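The block underneath contains the structure these notes are about, expressed in structure tokens.
The numbers here are math on the coordinates, done by the rules we state, and not lab data. Computed from a predicted structure; not experimentally measured. A quick note on method: Cβ atoms are made from the backbone with ideal geometry, for glycine too, and the neighbour counts reach across all protein chains shown.
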Amino acid sequence: MKRFPDGFLWGGATSAAQIEGGRCADGKGLSHLDYVYYRGPKTPCNFMMKADLEKARAEEAALNFPNRRGIDFYHRYKEDIALLAEMGFKSFRMSVSWTRLFPTGLEETPDPEGVEFYHNVFRELHKYGIEPLVTMCHYELPIGFVDKYNGWVSKELIGPFVKYTSFLIDEYKDEVRYWLTFNEINMVTAVPWLGGGILLDYDKPYILRMYPFSNALPEEQKRHWDTLAHQALHHQFIASALTVRYAHEHAPQCLIGNMFNLHHLYPETPAPADAFRAHEETEYNMFFSDVMAGGSYPEWIMSYYRKHGIHIEFADNFEKILQEGRVDFLSLSYYLSSVVTADPKRQERIGAFIRRMQNPYLQTSDFGWQIDPTALRISLNELRDRFHLPIYIVENGLGAFEEPDAEGKIHDDYRIAYLREHIKAIREAIDDGVDIMGYTPWGCIDLVSCSLVSMTKRYGFVYVDADDEGNGTYDRSRKDSFYWYKKVIASNGEDLD
């Protein structure tokens, strides 16, 4: 079996919204994620409605906004990067906060303290030989764009975004070689608030809450919401392509990738109808990369739009823009596989991230996510055959409830087992001929969970002493997985015991 290639980019991944904190430090503005409030240890929070945003503003002094605290990376980045270096990281995936540089998104010039903060972070990483992998937009959107335009539904966001990303390229091109434009771009159609700053409104809150899962919504409302989400997606495709083109022209030494949530789907039964539904779901999952890596909308999705009454206002010359803005590599997150059915009574929305149907052949995490490293290998092979591009696995990991024992230690053998099997699957995919650039497991330092907006769901090799209410010392300590991953990196993936 082939070994991991020399120069393989081992590391870990985070996002600014979930680690930085420093809510308004040094002039930082508020993003739409800063208004997502905590609702309980296992209660999803990132599906916001108009009434939720109104509540967040009316009760701002009383509600709990964990993203505003993060883990205080803004003040403790040197300590955190030293821990990454101790593990032997070759790469650190992070994001830049749009509102730390341009507080409202409309400023003519960036905030100088924000600019210097990221220079300092990049210098600290390079001091240890760690390559930054930077996501330009990891869900964060200046809140004013939600108020004025309902987020990415409006083409008016394209100009400010490209101005922001062009600044990033010009300012940091000598410090950052690897870039991603949007994080998990398919989430705008799965969770419109999270991925696109889109507020959905309806007079039946239960139906709204069911939107990420249910395929049995009122048809007119479903068409309307899907049109909003796919219109926002189109604007993100255009903004990304313009950014890629700018980078290719002004910083040819940089490599720009897309990023999507990879979701492998199995048919519930061997019935042909179930098999076709799994095929249809797979095509949907792949179409985001068809546009960003292939440079055009596949005919399949155009037919899907026609059949489902989704009407998109395409940008002028969008075909040319997409062709000229094709990415240099694919990147993806992978956490779980799912099962789908053609049964209309149990069928879930196409593109949904979390599904209710369970696969009896798989183990399930504390949070209901099914563990399936084999599906990662299958999907990596499919991506190789479809796109013929290098692939960077920039998120993968296991969220779990964790508390230190009497000696202050966390023995996370379950995380080691999860990561070990996924690393084996990646090595097998490399042996299959897949060109894989690197691997950065999610939340290498405990951070605020995206879906639950809490510290309860922990992913890290490093424990952060903070709870869901912001109590704790915020001190860092090493879990058992810290020492295991250090050994994995030192052996270039050979020693997985």
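Points worth noting:
Rundown of residues vs (1) in contact (Cβ under 8 Å) with a residue 24 or more places away in the chain; (2) surrounded by fewer than 20 Cβ atoms within 10 Å (Cβ to Cβ); (3) under 21 Å from His230 (Cα atoms), yes/no style:
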{"position": "Tyr304", "(1), (2), (3)": "no, yes, yes"}
{"position": "Asn317", "(1), (2), (3)": "no, yes, yes"}
{"position": "Gln347", "(1), (2), (3)": "yes, yes, yes"}
{"position": "Asp366", "(1), (2), (3)": "yes, yes, no"}
{"position": "Thr374", "(1), (2), (3)": "yes, yes, no"}
{"position": "Arg386", "(1), (2), (3)": "yes, yes, no"}
{"position": "Leu398", "(1), (2), (3)": "yes, no, no"}
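- Residue check, Phe167 of a type outside the set (Lys, Arg), part of a helix (DSSP H, G or I) and within 23 Å of Gln253 (Cβ to Cβ): yes
- None of Pro5, Pro44 is within 23 Å of Leu141 (Cβ to Cβ), of a type outside the set (Phe, Trp, Tyr) and assigned to a loop (DSSP other than H, G, I, E, B) except Pro44.
- The numbered conditions (1) part of a helix (DSSP H, G or I); (2) of a type outside the set (Gly, Ala, Ser); (3) in contact (Cβ under 8 Å) with a residue 60 or more places away in the chain; (4) farther than 30 Å from Asp372 by Cα are all true for Leu233 except (4).
- Residue match in segment 138-152 (condition: more than 21 Å from Leu33 (Cα to Cα), within 24 Å of the chain's Cα centre (by Cα), of a type in the set (A, V, I, L, M, F, W, C) and buried (at least 18 other Cβ atoms within 10 Å of the Cβ)): no
- Selection status of Arg420, farther than 16 Å from Asp497 by Cβ, among the basic types (Lys, Arg) and out of contact with any His (no Cβ under 9 Å at 6 or more places or on another chain): no
- At least 1 residues being over 18 Å from the mean Cα position of the chain (by Cα) and of a type in the set (Phe, Trp, Tyr) is the threshold, and among the strands (runs of 3 or more DSSP E) wholly inside segment 264-357 those reaching it are 264-267.
- Note on segment 431-486: residues that are of a type in the set (D, E, K, R), closer than 21 Å to Ile354 by Cα and either touching a Phe, Trp or Tyr at 6+ places or on another chain (Cβ under 7 Å) or surrounded by fewer than 18 Cβ atoms within 10 Å (Cβ to Cβ) (or both) amount to 1.
- A residue that is outside any helix (DSSP H, G or I) and under 24 Å from Ala17 (Cβ atoms) cannot be found anywhere in segment 403-421.
- Residue match in segment 102-110 (condition: of a type outside the set (A, V, I, L, M), out of contact with any helix residue (DSSP H, G or I) (no Cβ under 8 Å at 6 or more places or on another chain) and on the phi > 0 side of the Ramachandran plot): no
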